[in-house]
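Note sheet for the following structure.
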Amino acid sequence: MAAVKPFCAVRPAPELVSQVAALPYDVYNRKEASLVVKENPLSFLAIDRAETQFSDEVDTYADCVYEKARELFAGKMADGTFVQDNVPCYYIYRLTMDGRSQTGIAAVSSVDDYVNQVVKKHENTREDKEIDRIRHVDTVDAQTGPIFLAYRGREEIDRMVNQVCTGKPLYDFVSGDGVGHTVWKIAAPGLVSRIEQAFREVPATYIADGHHRAASAVKVGLKRRQENPGWTGEEPFNYFLSVLFPDEQLRILPYNRVVKDLNGLTKEEFLEKISACFTVEEMGERPYSPEKKGQFGMYLEGSWYRLTAVDEVRSQDPVKGLDVSILQDSLLGPILGIGDPRTDKRIDFIGGIRGLRELERRVSEDMAVAISMYPTSIQELLDVADAGLLMPPKSTWFEPKLRSGILMHLLR
């Protein structure tokens, strides 16, 4: 059963929250992050990506970068930019985008639950990306970016959340990208206890977004245990910051693909080869978005096509049956020669939030072919995780994104 506990959040002063809140650190490259911080020095990105405080000659992963992050965080604690609640609380975090809302509970989840696979993952992580966040969390002594978790919805939890949301929020603002962020605090001991008990009835939670942040937070927790032989399990480092959403509220956008070349094939040869595994229909110049599972859009030399997977390449296996797997196993791998999409420099991935015109733009500039995907469903994600399996890379794109710097968890 899931151990989901209240915590004493570090958070911005209410009048500053809209300036502090920032998109996750990995949404930006270094140049983009530096521009954000230059325009808004209060942005939490200054702490999450402290290389923004140095010239480009300083390595992103230099020791001084992590030390600067710690210095900035401590400074914000000292000058009142950040405050800390003095009793353990839960927090309700509602995101509203395009008129649609999803409401989760901000809490801390157990390191042991991650180790014992009560917190389930569906992606592998890369060690180099983990090392960066391990150093950041360990040096700053705080988890600053929440892990986006899902759970199979429960009416009892929904009722308590809805009750809290009738009250006055702690924060309520709209970020620059038009996403609404509303936060309520739950400090009443009776309600806190009921929420904690309700989660003890939840058999598993699932990492929706933030696999690297989760793995890094857990490794820091295990490192702290080694450094503190008398640890009891109650220390803050035994838990990691998370926001948990009921599965039925979540929306996954497609994660589209673009490829540099046709692997030496002419357009005619390429179309002939893919027709062995897909029904190919030319759709004209209007961007095509797949309408159902098993369909793909393809943009090639100024025209859009609809590809429909034939029955022979479909599967009931929770991983092989994913559209991203069908595309990889029947087209990207055998025809375009993309053996490992995680490392191959000829392929790039574009989140669905950017739209199909972004695919056309990339093909006009530096790519040969683009594939628009039908989004992976939340049920497919849960099924893969429950089977103890992993999805191919870049299978899901969640929107809207949780913001960093709204709620933070100290490790001491």
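All of the numbers you see were taken from the coordinates with simple rules; none came from a lab. A quick note: this is a predicted structure, and the numbers were derived from the prediction, not measured. Cβ sites come from the backbone with ideal geometry, for glycine too, and all protein chains shown count toward neighbours.
Structure notes:
- ³J(HN,Hα) computed for each position of the stretch 362-377 - Karplus, 6.51 cos²θ - 1.76 cosθ + 1.60, integer Hz, glycine/proline x: 5, 5, 6, 9, 9, 10, 9, 8, 10, 10, 9, 10, 7, x, 4, 8
- Look at V192, V115, V17 and count the other Cβ atoms within 10 Å of each Cβ; fewest to most, that gives V115, V192, V17.
- Under the convention that each Lys and Arg Cβ holds +1 and each Asp and Glu Cβ holds -1, the size of the dipole of the stretch 255-374 around its Cα centre is about 400 debye.
- In Hz, Karplus ³J(HN,Hα) per residue of the stretch 16-33 (6.51, -1.76, 1.60; θ = phi - 60°; x = Gly, Pro): 10, 4, 5, 7, 7, 4, 9, 4, x, 4, 8, 6, 10, 8, 4, 5, 5, 4
- Where a label projected 7 Å from the Cα of D247 along Cα→Cβ would reach, residues of the stretch 310-326 with amide N under 18 Å: 316-323
- Cα-based helix-to-principal-axis angle, 189-199 vs the chain, degrees rounded to 10: 30
- Computed from Cα atoms alone, the Kirkwood hydrodynamic radius reported for the chain is 22.7 Å.
- Alpha carbon Rg of the stretch 255-374, scaled by the compact-globule rule 2.2 N^0.38 Å: 0.96
- Length-normalised contact order for the chain - Cα pairs under 8 Å, 6+ apart - percent: 24
- When only the Cβ of Lys, Arg, Asp and Glu is charged (+1, +1, -1, -1), the dipole of the chain relative to its Cα centre reaches about 880 debye.
- Restricting the stretch 1-95 to chymotrypsin sites (Phe, Trp or Tyr not before Pro) in coil, as DSSP defines it, with at most 13 other Cβ within 10 Å: Y61
- Net length available on complete extension from Q117 to S364 is 84.5 nm, with 0.36 nm assigned per residue and the Cα-Cα distance removed.
- Those lysines that a straight Cα-Cα span of less than 28 Å connects to K267, excepting residues fewer than 8 apart in one chain: K292, K293, K320, K345, K394
- Taking the stretch 369-412 and a reference point 7 angstrom along Cα→Cβ of E227, the backbone N atoms nearer than 15 Å belong to 410-412.
- Full-stretch length increase - R100, Q316 - with 0.36 nm per residue and alpha-carbon distance subtracted: 74.6 nm
- Subtracting the Cα-Cα distance of D344 and K267 from their residue separation scaled by 0.36 nm leaves 25.6 nm.
- In the stretch 255-374, a dipole from Cβ-located charges (positive for Lys and Arg, negative for Asp and Glu) runs towards its positive end, and of P341, T308, N263 it is P341 whose Cα lies farthest in that direction.
- V83 long-range amide H proximity, modeled H, under 5 Å: R11, A13
- Between the stretch 169-240 and the stretch 92-138, the alpha-carbon center distance in angstrom: 8
- Along the stretch 223-238 the Karplus relation, 6.51 cos²θ - 1.76 cosθ + 1.60 evaluated at θ = phi - 60°, assigns HN-Hα couplings of 5, 5, 5, 5, 7, 10, x, x, 4, 10, x, 9, 4, x, 5, 7 Hz to successive residues, with x for each Gly and Pro.
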